[in-house]
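These notes are about the structure you will find just below.
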Amino acid sequence: MEETTSPIRHSSSARTRSPELLLPAGDPEKLRVALAFGADAVYAGVPKYSLRTREIGFRRESLEEAVTYTHRQGKKIYLAMNIYAHNLKVDGFLNELDRVAAWEPDGLIMSDPGLIALALKRHPHIPIHLSTQANTTNWTTVHFWRDLGVRRIILSRELHLNEIAEIHQKVPDIELEAFVHGAICIAYSGRCLISNYLNHRDANQGTCTNSCRWEYKLAWEKGSILEVEKSQSPYETTIPIPDGFTLSEPKHHHEKMPIFEDTFGTYLMNSRDLCAIELLPDLVKAGVVSFKVEGRTKSAWYAAMTARSYRRAIDDMSAGQPFNPDHLRDLLTLSSRTYTTGFYTRNPRQYGENFEDGYSAGFRYRVTGILKSYDESSSMGTFEVKNRMKTESELELITPRETIPFTLRVMENLKGESLETAHGGAENVRILLPQDPGDYAFLRQKTE
């Protein structure tokens with residue numbers, strides 16, 4: 001993918017042979033890893049004005065450097081400015097928009113209709129991608145945004161493949177982007193007020209606390225629903241609540257919140273994670289040109305494995321080869337809330353929820369090290385230790401192209417002193433490797 005000199009880097013009519021693989025870039029390291037492991041493009045948040053304001057790993061200077069670095073790699077970068085702004089943020093938003101536009105990103109991800117209109121007037125050469133936060137679920141909405149000047153629609157996660165195909169048929173001259181992997185919000189594509197209600201942190205301002213992931217207990221006590229409703233007061237969750245349905249979270253068990261939902265389990269708002277790697281050909285047939293992976297707050301290891309797995313699946317698909325289950329197996333080694341294919345083939349209903357726990361769980365493997373440098377003369381790699389490693393352990397060296405099993409024979413500290421064990425969070429170690437890993441690599445170990 002070559003970088004052009006034109007101020008418009010992405011043509012709305014252009015269709016490449018294979019769809020774009022779009023990875024999250026939560027910080028500079030994740031950006032570099034995602035590109036190295038196969039991403040065609042990355043997306044990153046603009047501080048204060050994207051929907052991940054609490055975990056943004058970029059500052060203004062490093063984000064500008066990220067744009068330059070990505071373009072030098074011949075790849076694309078889209079910058080998220082997708083908050084729904086209150087009046088107090090509008091002036092600051094527009095000032096930041098002008099500053100960001102000077103960096104020439106390949107697109108801006110936005111949600112707010114008024115801010116989109118202003119961005120199109122102030123910087124018409126920069127493509128606008130409509131955020132999934134805008135909840136685009138039908139072709140008339142796509143038609144509206146196309147006429148306004150938006151170049152790409154990031155589709156709502158709640159769409160069936162047939163609905164996407166109809167949108168593309170009705171409005172073929174606009175790009176469609178769809179999520180293929182990552183966390184799913186229990187609300188309509190993130191339009192949620194739970195966090196705001198419980199913690200005064202607005203998801204639509206980028207400060208979601210993931211309250212839907214907490215463990216809740218549903219109880220029925222004698223009384224009247226009408227009495228419960230009469231007692232309700234906004235944000236007053238610590239006052240006594242009359243008898244009735246109540247919801248409590250173990251860490252705040254004294255706070256009882258009225259609830260009238262039926263449920264099949266305790267984690268009644270905790271969605272499974274999306275994994276649509278087996279549906280890529282169907283998404284292409286439906287008109288999708290960009291496959292998006294969610295997860296700006298996740299690890300560099302997550303960026304590496306999702307990029308590599310989806311890169312391989314896309315390349316196989318483009319070459320006319322059948323789906324290789326190994327690509328899915330690699331994704332199953334990542335921490336997740338267990339997977340679902342979402343709404344693409346059916347309404348998942350209760351099968352789309354994880355009732356067991358609210359946290360991501362790892363399967364079969366753990367990451368033990370991240371490569372920092374490699375010395376060709378000694379065949380030793382310097383690694384940041386993420387989890388405990390012992391000599392004589394069986395490890396795998398994960399690179400963008402290969403998985404190389406080997407036995408850990410030699411490990412030493414940076415002073416050259418031999419080690420038998422290294423612990424996560426301690427100082428870096430040097431390890432004898434079976435081959436040159438290149439610039440980016442990880443170590444992983446099968447768990448007992």
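Just so it is clear, none of the values below were taken in a lab; they were calculated from the coordinates. Small disclaimer: the values here were computed from a predicted structure and weren't measured. All Cβ positions, glycine included, derive from the backbone under ideal geometry; neighbour counts span all protein chains shown.
General remarks:
- Taking each residue as 0.36 nm, the span from SER335 to THR447 lengthens on full extension beyond its C-alpha to C-alpha distance by 39.0 nm.
- Counting 0.36 nm for each residue step from GLU396 to GLU278 and taking away their Cα separation leaves a gain of 40.0 nm.
- Spin-label pair LEU94/ASN428, simplified geometry with 7 Å Cα→Cβ offset, distance in nm: 4.7 nm
- The packing ranking, built from the mean of other Cβ atoms within 10 Å per residue, places the peptides 293-305, 140-152 in the order 293-305, 140-152, highest first.
- Taking N as its residue count, the alpha carbon Rg of segment 365-446 over 2.2 N^0.38 Å: 0.95
- Across LYS75/LYS285; LYS89/LYS121; LYS48/LYS446; LYS48/LYS292; LYS386/LYS415; LYS75/LYS372, pairs whose alpha-carbon gap is larger than 28 Å: LYS48/LYS446
- Span from the segment 367-403 Cα centroid across to the segment 50-100 one, whole angstrom: 33 Å
- Residues in segment 372-412 that a label on THR421 would reach, taking backbone N under 19 Å of a point 7 Å out along Cα→Cβ: 385-395, 408-412
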